[in-house]
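Take a look at the structure set out below.
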Amino acid sequence: MRTKFIMSAAVLAVSSATASFAEDSSDPIIIPTHNWSSQIVMSHVVGQIFESMGNSVEYVSTDSQAVYESVRLGDVTLEMEVWEGAFGPSFEAALEKGGLHDVGDHDAVTREDWWYPAWTKEACPGLPDWEALNACAELFATPETGDKGRFLGGPVDWLKNDQERVDALGMNFVVVNAGSASALWAEVAAAERDKRPVVIFNWTPNFVEALYPGEFVEFPAYSEGCKSDPAVGPNPTALYDCGNPANGYMKKAAWDGMKDKWPNAYAVLERISFTNPQIAEMAKLVDIDEFEPEDAATEWLEQNESIWKPWIEGGA
Ligand code: TMO
């Protein structure tokens, strides 16, 4: 309360010099968290920034696709990580219905796709080409997948179309969904011991790039419409016959009502923009350094005051 009073006084002093000013609502800003580390840490980083301004914040764990409907309806206030590959279609569908909007891109450039650790290429030298991967499918076979290769995809709420892609491109692979992000990393760690070839879902920015050199599989390049128009992509009768965008966006999204209800927090949200190394560091604090997400956020804020303080002060 005391912090809030001091902040309000400071802000009032500023407001006399600016044309219009409104107080933020004392209702909590509701921030959704999902099932990968950078998103959880970034959500807490932003929540703690809002708290430092005197706002109240609540976190809710939600499905990462259904969240766009929740933001649109104002059940949650914002979404900090809208990844183009995984969530572009859900975000754009919600945009069209109305109630949420794009609050701008992070500086980060993203990619989410099939990925292998470097040793895999020794067994399948034609990589990263997807047809070379397909010709090596039996290297990835397991009892579970018979004579087809096993692709370990992410949890089902992320990218939903890996099996459709396999079918559209006629690949000799079976998609198995991991129960959690940590199951993906466990797969790579287990394969490392005997340098077993594996292909999993991975993304950048992530902590993985600091731990395991590797590459994304090069599928037919993504182009607009590949996920909605069968004519786009090499298979004229199928959707999903392409990779995900290799230079994808990461956006911030907010409920349309946020800017009137919490105008100061909204102004800060507009200025927030994280880079690839900053986001990879957020994931690392949890996945390598084993901080709890809240503590990782506090740590990140302590180490990076010169980045975020200007967002509150209205600069940058
Ligand atoms: C949504 N994700 C970043 C895990 O691909």
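Each value in this text was obtained by applying a stated rule to the coordinates, not by laboratory testing. For clarity, every value in this text was computed on a predicted model and none was experimentally measured. Because the Cβ atoms are built from the backbone with ideal geometry, glycine has one as well, and the counts that use them run over all protein chains shown.
Numbers at a glance
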read-out: The stretch 111-216 - Rg over Rh from alpha carbon coordinates, Kirkwood radius; value: 0.92
read-out: Folded to 0 to 90 degrees: helix 37-52 orientation relative to the chain principal axis, Cα; value: 0
read-out: Exposure proxy ranking, count of Cβ atoms within 10 Å, fewest first, for TRP300, TRP255; value: TRP300, TRP255
read-out: Highest average packing first - 203-211, 288-296, Cβ atoms within 10 Å; value: 203-211, 288-296
read-out: GLU224 versus ASP102: modelled label distance in nm, points set 7 Å from Cα along the beta carbon direction; value: 1.1
read-out: Crossing angle, helix 276-287 versus the chain [Cα axis fit, 0-90 degrees, rounded to tens]; value: 80
read-out: For the chain, size of Cβ-based charge dipole, Lys and Arg +1, Asp and Glu -1, in debye; value: 240
read-out: Relative contact order, percent, the stretch 183-295 [alpha-carbon distance under 8 Å, six or more residues apart]; value: 23
read-out: Whole-number percent relative contact order across the chain, with pairs defined as alpha carbons under 8 Å at least 6 apart; value: 26
read-out: Lysine pairs within the stretch 196-316, Cα separation less than 20 Å, 8 or more sequence positions apart or different chains; value: 4
read-out: P(r) histogram, all alpha-carbon pairs of the chain included - 10 Å bins from 0, percent; value: 6, 25, 31, 21, 11, 5, 1, 0
read-out: Which of THR142, THR298, THR120, THR237 has the fewest Cβ neighbours within 10 Å, and the rest in rising order; value: THR237, THR142, THR298, THR120
read-out: Principal-axis tilt of helix 84-97 within the chain, Cα atoms, nearest 10 degrees; value: 50
read-out: Least to most buried among VAL57, VAL45 (fewest other Cβ within 10 Å first); value: VAL57, VAL45
read-out: Inter-part distance where the stretch 239-283 and the stretch 100-175 are each reduced to a Cα centre, Å; value: 25
read-out: The chain: antiparallel DSSP beta bridges as a percent of all, rounded to 5; value: 60
read-out: Antiparallel bridge percentage (DSSP; both residues within the stretch 111-216; nearest 5); value: 55
read-out: Reciprocal mean inverse distance between Cα atoms of the stretch 39-134 - Kirkwood radius, Å; value: 16.2
